[in-house]
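Since the structure comes first, as structure tokens, the remarks are kept for the end.
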Amino acid sequence: MKRLIDGYFRMLGLMMVLCLVGMVVLVFGNVVLRYGLNSGITSSEEVSRWLFVWLVFLGAIVALRERQHLGVEVLVRRLPVVGQKLCLIVSQLLMLVTLWLFMSGSWEQTLINLHVEAPATGWSMAIVYMVGIVFSISAGALVLWDMYRLLSGRMRDEDLVMVTESEEKAELDNLQRELARAERKQL
């Protein structure tokens with residue numbers, strides 16, 4: 001199962017790279033064509049925008065798995081373990097409700113825009129809204145997995161706070177964990 005999940009996230013990483021490369025090629029190519037040859041790629045702006053939307057949502061899925069989302073943890077860190085668990089359950093339930101609303105809205109928008117053509121490419125506008133479905137299902141699975149781990153007692157106490165206040169603090173916490181692991185290996 002772990003190999004399947006890791007493979008899925010490698011695929012998401014590859015899709016993110018392809019989105020970024022596509023954006024760079026389209027935008028840079030369009031700039032070169034406009035200034036160098038006085039022409040351009042008509043659909044580059046539209047496709048680049050769509051790739052950017054997909055890149056952001058796929059990145060949010062990966063960030064959720066790696067616990068890289070920013071949030072306020074001051075209050076939760078000061079609570080006892082029972083309070084942290086309760087806050088985690090409440091926040092996970094709220095996330096599930098939000099993800100359900102987001103998925104149902106994305107599904108409806110996908111169906112509504114299925115036969116609507118984009119102005120520059122003529123492609124279906126549903127492509128833009130499909131990423132909401134992918135995000136909601138993937139994020140929902142991650143949230144449900146974390147709730148299962150919490151309720152079955154498989155989650156460590158240090159994993160109860162799933163956000164960090166700043167990127168610097170997250171980096172410091174990672175370095176401290178690596179240092180503690182290295183010290184344990186030496187013993």
- Task: Can you tell me which residue within the stretch 90-129, out of those that are surrounded by 15 or more Cβ atoms within 10 Å (Cβ to Cβ) and among the β-branched types (Val, Ile, Thr), is modelled with the lowest pLDDT?
- Result: THR121
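For every residue, the table says whether it meets (1) modelled with pLDDT of 95 or more; (2) surrounded by 13 or more Cβ atoms within 10 Å (Cβ to Cβ); (3) of a type in the set (A, V, I, L, M, F, W, C); (4) in contact with a strand residue (DSSP E or B) (Cβ under 9 Å, 6 or more places away or on another chain).
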site	(1), (2), (3), (4)
LEU37	no, no, yes, no
GLU45	no, yes, no, no
VAL62	no, yes, yes, no
VAL76	no, yes, yes, no
LEU79	no, yes, yes, no
CYS87	no, yes, yes, no
- Query: So which of LEU58, LEU86 is of a type outside the set (Ser, Thr, Tyr) and over 23 Å from the mean Cα position of the chain (by Cα)?
  - Reply: LEU86
- Using beta carbons and a limit of 8 Å, which pairs, at least six apart or on different chains, have the first residue in the stretch 170-187 and more than 25 Å from LEU70 (Cα to Cα) and the second one surrounded by 10 or more Cβ atoms within 10 Å (Cβ to Cβ)? none
- Note on the structure: Filter the stretch 9-55 for residues that are hydroxyl-bearing (Ser, Thr, Tyr) and free of Cβ contacts under 8 Å to residues at least 40 places away in the same chain; the one that is nearest to GLY122 (Cα to Cα) is SER44
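To keep it simple, each residue is scored yes or no on (1) within 24 Å of the chain's Cα centre (by Cα); (2) of a type in the set (A, V, I, L, M, F, W, C).
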{"position": "VAL76", "(1), (2)": "yes, yes"}
{"position": "PRO80", "(1), (2)": "no, no"}
{"position": "GLU108", "(1), (2)": "yes, no"}
{"position": "GLY122", "(1), (2)": "no, no"}
{"position": "TYR129", "(1), (2)": "yes, no"}
- Cβ-Cβ below 6 Å, separation at least six or inter-chain, first residue in the stretch 84-111 and within 19 Å of VAL134 (Cβ to Cβ), second among the aromatic types (Phe, Trp, Tyr) and assigned to a helix (DSSP H, G or I): which pairs? SER106/TYR129; GLN109/TYR129; THR110/TYR129
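The values are calculated or read from the model by the stated rules, or taken from the named source; none is laboratory data. Only a predicted model underlies this, so the values are computations on that prediction, with no experimental measurement involved. Positions of Cβ are backbone-derived with ideal geometry, glycine not excepted, and every protein chain shown enters the neighbour counts.
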